[in-house]
Amino acid sequence: MPALTSWLRWIAAALALVSLAGQPAQAEGLQGARILVMSKTAGFRHASIPAGQAALLEIAREEGLTLTFTEDAAQFTDDNLARYDAVVFLSTTGNILDPAQQASFERYIGSGHGLLGIHAATDTETDGAWPWYNTLIGAKFKSHPAIQEALLIPTAPGAAEFRATDEWYDFNDALPSRRALLEIDRGSYQGSSATGREPIVWTNEVAGGRAFYIGLGHTDESYASPEMRAFMVQGLRYAIGD
């Protein structure tokens, strides 16, 4: 898949800049990695979650990693999380973990692990009761207009801008610590409360751990695009410390 290979190349180049800024590589590829994929929803439930799971399964087959899908928050204990190299929040919404589970996840991330958050991961734990999570993911969902096409601009040198159709989130409490891999031109579509260019795919570091966030993923079609697949692969790699 030449298009996917090209996207992986430029995302890797952008992540290399992040690594040079203080995030050293700790692993080599996804082969043998164990990933816990959480898709519990306590608010809006995205119909595209199965499409996201299917895309992750295809990536798992191609990259040689093992996935565990769950919507059971009881999986978030110290002992169980220790079995995994990274965690994915796939369009989770609302308050999905109780205080003991939150504490276990904080210890897990703080011990050097990472989170890949997809789409509604920024619409998770947004009521202010767990500010640590908002610091990890990098921003909070605010609102969105109707699904429509927008202009997206990669931050890697030489990568071409492109247009994509999705549900584009506006954010509250966006942290300056985010390192953008892809920006959205807020003026290229209708209904955004923001202006200018803003990150829509980014990495973010907290003490000990890290997060990779992909703002795309509302529709089934999103997961079929080479751009989205490339971001998912590199997000998994970043989350495991590669």
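The values are calculated or read from the model by the stated rules, or taken from the named source; none is laboratory data. All values derive from a computational prediction rather than experimental measurement. Glycine also receives a Cβ, built like all others from the backbone with ideal geometry; neighbour counts cover every protein chain displayed. For the accessible areas, the whole protein counts, side chains as well, though only heavy atoms, and no ligand, DNA or RNA atoms are used. Shrake-Rupley method; radii C 1.70, N 1.55, O 1.52, S 1.80 Å.
Key figures
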read-out	value
Among Y223, G209, A139 - extreme Cα towards positive end, dipole of the stretch 134-242, charges at beta-carbon	G209
Net charge of Cβ neighbours under 13 Å - reference L57; Lys, Arg +1; Asp, Glu -1	-1
Tensor-based shape of the stretch 176-242 (alpha-carbon gyration tensor, a/c under 1.5 rounded, otherwise prolate or oblate)	oblate
More than 21 Å apart - percent of Cα-Cα pairs taken over the chain	52
Cα gyration tensor shape for the stretch 31-146, rounded if a/c is under 1.5, else prolate or oblate	oblate
Amide H partners (placed H, <5 Å) of A164, local residues excluded	A150, L152
Average accessible area per residue (Å²) across the chain - probe 1.4 Å, nucleic acids and ligands excluded	40
Packing rank of 178-184, 44-50, where each peptide gets the mean count of other beta carbons within 10 Å, highest leading	178-184, 44-50
The stretch 188-240, accessible surface, carbon-and-sulfur percent (1.4 angstrom probe)	47
Share of carbon and sulfur in the accessible heavy-atom surface of the stretch 46-148 [1.4 Å probe, %]	51
The stretch 87-205: proportion of alpha-carbon pairs further apart than 25 angstrom, %	25
